[in-house]
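Bear in mind that the values in this text are calculations on the coordinates, not laboratory data. No experiment lies behind these values; they were computed from the predicted model shown. Glycine also receives a Cβ, built like all others from the backbone with ideal geometry; neighbour counts cover every protein chain displayed.
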């Protein structure tokens, strides 16, 4: 089966391409990316006025399966990802049971093969049971297909365990992804420590809670020579520490979420549990530092930390509400509207941090439009305006602080392995496609 995707603005930061081109897809792979392609017997999709990129990659999602399927499962999570323009996702292992052995990695892959419509990459636990006491069998999990290791939802708080894990993971060329949180400073915390936490009478989570763990992991990476990835960083101090570490040649990478780039701690006023997340929303000063970190390359990737919860887990007293928000279906629109649209980052650089960079960190064969690569493709309309409606999400989760927001830009078609797995409903851009 041959398809020609014609006349799109092709943006491929990995190849330094940003111009009108045609893309030829043959048998699920990219066969050519050229200024003009015309061959007989091919299906032609005219994408004039649209942007075409390699499929977006989210290196931090929670699909909740197994154990918490009432929140999300691999099928609904992957549909949500496709609707957001994501073709590859890395699933965190804080499930029940946790993904701490090869059999569980194989289970995730089997479920994704049966129910998923995007590429689902399992992340294995660093410690057995995510208990932070004994290192999990990372070698077996790497062989089974784990792309990285993390105890996300919790930090790897024991420095000795983290040091050993870094050394061990480096033997398999896998990265440790750490949720940076000093447990003693986090305990009981609800929101960012500051004026708003005092005003609302809620226990605060200080910036130092994150920054102490960031500093520790940087030092351990320096001492071991192993790669470490620090996820969903949220403070100015974290950016400064990582920037300095990179200047010294330490093998540290990091990501930031769209919500930490856009929302401040004031979003929780009125006890809005849909703005309760971990790490918490911070200050305008922190946002400016995060944006600057994106611009100068300190921050490598944008990831959603997609964390669906049931209504019963959010529609409760603030201190009892679960941390986290859904993010797959709003991420691209938020980035285009509030980061690219405000000239804080070029569209090409934003795409790089959602494609080529996460692919490189995870070591997966994605993030580039080149002959022979899988035809994982995102087509987006960067000019269309739309209203976020949580009731139309394909995710089971409705826990978003962005309901009702007007955004500009969204994915209109998502292709995985040459197969169209999502098309924006009611657009009639591709009338022959049935989703």
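Seen from all directions on average, region 56-362 presents a Cα convex hull projection of 13.9 nm².
Stokes-Einstein, applied to the Kirkwood radius of region 44-86 over Cα pairs at a viscosity of 1.002 mPa s and 20 °C, places its translational diffusion at 175 µm² s⁻¹.
Can you work out the FRET efficiency for the pair residue 312 and residue 248, with r the C-beta to C-beta distance and R0 = 45 Å, to the nearest 0.05?
Details: r = 47 Å, r/R0 = 1.05.
Efficiency for this residue pair is about 0.45.
Annotation: the residues 386, 405, sorted from fewest to most other C-beta atoms within 10 Å of their own C-beta, follow the order 386, 405.
How would you rank 271, 195, 422, going from fewest to most other Cβ atoms within 10 Å of each one's own Cβ? Mind dumping the intermediate values first?
Values: 271 15, 195 12, 422 27.
The order, fewest Cβ neighbours first, is 195, 271, 422.
Grab the Cα-Cα distance for residue 15 and residue 133, subtract it from 0.36 nm times how many residues apart they are, and report the gain in nm with one decimal. The partial results should precede the final answer.
Working: separation 118, 0.36 × 118 = 42.48 nm, distance 4.35 nm.
Contour length minus Cα-Cα distance gives 38.1 nm.
Antiparallel as a % of all DSSP beta bridges within the chain, to the nearest 5? Working shown, then result.
Working: 32 of 62 bridges.
Percent antiparallel among DSSP bridges in the chain is about 50.
State the percent of C-alpha pairs, over all pairs in region 131-231, separated by a distance greater than 19 angstrom. Write down the numbers at each step before the final one.
Details: 2301 of 5050 pairs.
Here the tail beyond 19 Å accounts for 46 percent of pairs.
Based on Cα atoms of region 195-298, Rg over Rh with Rh as the Kirkwood radius reads 1.01. Ranked from largest, the principal axis spans of the Cα set of region 1-53 equal 29, 21, 14 Å. For a Förster distance of 41 Å, can you work out the FRET efficiency between the beta-carbons of residue 172 and residue 208, rounded to the nearest 0.05? That pair, residue 172 with residue 208, gives E of 0.80. Relative to one another, the C-alpha centroids of region 89-155 and region 337-404 are positioned 24 Å apart. Here region 296-435 is described by how far its Cα atoms reach on the three principal axes: 53, 42, 29 Å, from widest to narrowest. For region 185-258 versus region 48-81, the spacing of their alpha-carbon centroids is 26 Å. For region 63-131, the fraction of alpha-carbon pairs lying more than 14 Å apart is 53 percent, rounded to a whole number. Dividing the convex hull volume of the alpha-carbon atoms in region 331-377 by its residue count gives 77 Å³ per residue. Calculated [222 nm] ellipticity per residue, helices only, for the chain: -8000 deg cm²/dmol; basis is -39500 (n - 2.57) per DSSP H run with n ≥ 4, divided by all residues, nearest 500.
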